[in-house]
Every structure is written in structure tokens, then in C-alpha cells.
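> Got a structure here, written out as C-alpha cells. Questions coming.
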Amino acid sequence: MKTKSLLVIKPDAVKDKKIGRIIQTLEENRFEIKGIRMKRFTKEEAEEFYSPHKGKHFFEKLVNFIISGEVVGILVEKENAIEKLRELIGDTDPEKARCGTIRYMFGKSITENAVHAADSEESFNREVTFFF
Ligand code: ADP
Ligand code: MG
């Protein structure tokens, strides 16, 4: 059964002009694009979006990074979309990400790692409301 997932292009990749390349990578990997929206998170929204990480040492840095510029939310559909999209983005740390993954190609550091993807159906249901 086809399911949906959410990819968010982070401010580093938007500033680096990688939106097109990232959408191309999604399409080449047979994700159907169902929606695209660019926005800038307020600090409050960013804290809510990343609330599962509240209390971690990198939380403040992460929130400040995600509000530093525009982000692009992309709704995608594919068989087993959540798991397949996590595979396609690669490891959180671009240095460890497998060749061909989005973070391998476009990530610069563990903070500036180009994209976010929902990691469960529950996360998807919560995160999608920030864009659609
Ligand atoms: P992922 O984005 O792969 O699901 P996590 O959910 O663990 O990774 O972390 C959310 C985001 O927080 C990461 O994408 C990254 O931008 C940032 N992050 C995670 N771990 C660290 C860390 N050790 N230092 C700095 N930033 C981090
Ligand atoms: Mg995560």
C-alpha cells in the first residue's frame, strides 16, 4: 500500500540552491510529489516541531539553525514511504551517510545536514500539520 511521508529541506540546502536537486533525487527514486510549501518557522513553531529533542544538548542550536532561513516541506507518496525516505536521506551525520543518499550529497555537518524526514507514522501525522 502506498503511504505518505514528509521531507523538509533545511535552510542550509535552500541557501545552497539545492531545492531542485533534492526534488530531482526524490523523483528519480520514484517518490510521487503530492505537495510543496516553502515557509519560515517562528521560534515557537521550531521548538514545537523539534519538541521530541527538548532537553538534548543540541536543541537550542538546532532550533536556531532551522529558523535561520526558509525551509521547504515536501509531501511524498510511495510504497512504505516513511522507511524508504529515511533510507534515501541517509545517516544524520553526512560523514557517515551512504553514497547516493541526500545527506551524503548535500549535507555539510551533523547540524547542517540538508534535510529532515519523518521517522514514524506518528511523527509524520504531527509534522505534516506544520506545512499542509
Ligand atoms: P534525524 O534528523 O536523522 O532524524 P535526530 O532526530 O537524531 O536525527 O536529530 C534531529 C536533528 O538534530 C538532526 O537532523 C540534526 O540536525 C540535529 N542533531 C542531531 N544530533 C546532533 C548532534 N549530536 N549535534 C548537533 N546536532 C544534532
Ligand atoms: Mg529525527
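> If the requirement is being closer than 25 Å to Cys99 by Cα, away from ligand 1 (no atom under 12 Å from the Cβ), out of contact with any strand residue (DSSP E or B) (no Cβ under 6 Å at 6 or more places or on another chain) and open to solvent by less than 60 Å² (accessible area, probe 1.4 Å), which of these qualifies: Val72, Val14?
Selected residue: Val14, the only one of Val72, Val14 that is closer than 25 Å to Cys99 by Cα, away from ligand 1 (no atom under 12 Å from the Cβ), out of contact with any strand residue (DSSP E or B) (no Cβ under 6 Å at 6 or more places or on another chain) and open to solvent by less than 60 Å² (accessible area, probe 1.4 Å).
> Further question: Within the range 39-60, work out how many residues are under 15 Å from Glu127 (Cα atoms), open to solvent by 80 Å² or more (accessible area, probe 1.4 Å) and near ligand 1 (Cβ under 10 Å from one of its atoms).
1
> Would the range 28-35 turn up any residue that is modelled with pLDDT of 95 or more, in a strand (DSSP E or B), of a type in the set (Gly, Ala, Ser) and within 18 Å of Ser123 (Cα to Cα)?
Checking the range 28-35: at least one residue is modelled with pLDDT of 95 or more, in a strand (DSSP E or B), of a type in the set (Gly, Ala, Ser) and within 18 Å of Ser123 (Cα to Cα).
> If you don't mind, another one. For the range 105-132, which positions are open to solvent by 40 Å² or more (accessible area, probe 1.4 Å) and closer than 19 Å to Phe59 by Cα?
Those that are open to solvent by 40 Å² or more (accessible area, probe 1.4 Å) and closer than 19 Å to Phe59 by Cα: Lys108, Ser109, Ile110, Glu112, Asp119, Arg126.
> Which of the residues belonging to the range 50-109 are touching a residue at least 12 places away in the same chain (Cβ under 8 Å), within 14 Å of ligand 2 (Cβ to nearest atom) and of a type in the set (S, T, N, Q)?
Listed by number, the list holds a single entry, Thr92.
> While we're here: Can you pull out the residues in the range 85-104 that are more than 9 Å from ligand 1 (Cβ to nearest atom), part of a loop (DSSP other than H, G, I, E, B) and open to solvent by less than 30 Å² (accessible area, probe 1.4 Å)?
Answer for the range 85-104, where residues must be more than 9 Å from ligand 1 (Cβ to nearest atom), part of a loop (DSSP other than H, G, I, E, B) and open to solvent by less than 30 Å² (accessible area, probe 1.4 Å): Pro94, Ala97, Thr101.
The values are calculated or read from the model by the stated rules, or taken from the named source; none is laboratory data. Note that the structure is a prediction, hence the values are computed from the model and not measured. Cβ coordinates were reconstructed from backbone atoms using ideal geometry, including for glycine residues, and neighbour counts include every protein chain displayed. Heads up: the accessible areas ignore ligands, DNA and RNA and are worked out on the full protein's heavy atoms, side chains in. Shrake-Rupley method; radii C 1.70, N 1.55, O 1.52, S 1.80 Å.
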